[in-house]
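Okay, structure first, notes after.
The values are calculated or read from the model by the stated rules, or taken from the named source; none is laboratory data. The structure presented is a predicted model; accordingly, all values stated were derived computationally and were not measured. Note: ideal-geometry Cβ built from the backbone for every residue, glycine included; neighbour counts use all protein chains shown. Heavy atoms of the whole protein, side chains included, go into the accessibility calculation; ligands, DNA and RNA do not. Shrake-Rupley method; radii C 1.70, N 1.55, O 1.52, S 1.80 Å.
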Amino acid sequence: MAGFLDRAKEQAQRGLAQGKEKMEEVQAQRTGNDLLRRLGAAYYAEQNGTGSAQEVQRALAAVQEHVAQNGDGFLKS
């Protein structure tokens with residue numbers, strides 16, 4: 001019986017770890033999508049004369065930092 005419980009506990013822990021990893025991936029993708037939206041909005045504002053090149057550069061730097069930390073998977077969706 002103890003062997004069964006140990007296996008069940010191990011399997012539950014693996015499931016929790018996989019769930020946590022997936023949750024972190026989804027959160028990184030949402031953050032990446034939000035950063036891309038902000039970059040697009042900054043670029044649009046600059047093109048319409050209500051924004052600045054500095055805002056676009058800040059937004060671009062944020063996207064690049066996110067890609068360096070989390071990869072570019074969010075760009076492919």
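The C-beta contact set for region 5-31 (first residue within 14 Å of residue 74 (Cα to Cα), second residue surrounded by 10 or more Cβ atoms within 10 Å (Cβ to Cβ) and among the basic types (Lys, Arg), distance under 9 angstrom, 6+ apart or interchain) is empty. When every residue of region 37-52 is checked against the conditions, none turns out to be of a type outside the set (Val, Ile, Thr), at pLDDT below 95, open to solvent by less than 70 Å² (accessible area, probe 1.4 Å) and in a helix (DSSP H, G or I).
Cβ-Cβ contacts under 8 Å between residues 6 or more apart (or on different chains), taken from a first residue in region 32-57 that is within 22 Å of residue 75 (Cα to Cα) to a second residue that is of a type in the set (S, T, N, Q) and surrounded by 13 or more Cβ atoms within 10 Å (Cβ to Cβ), are listed as 32/70.
Name the residues in region 58-71 that are free of Cβ contacts under 8 Å to residues at least 40 places away in the same chain and in contact with a Gly (Cβ under 8 Å, 6 or more places away or on another chain), would you? Hits for region 58-71 are 63, 66, 67. Here residue 71 qualifies as open to solvent by less than 100 Å² (accessible area, probe 1.4 Å), on the phi > 0 side of the Ramachandran plot and in contact with a helix residue (DSSP H, G or I) (Cβ under 9 Å, 6 or more places away or on another chain).
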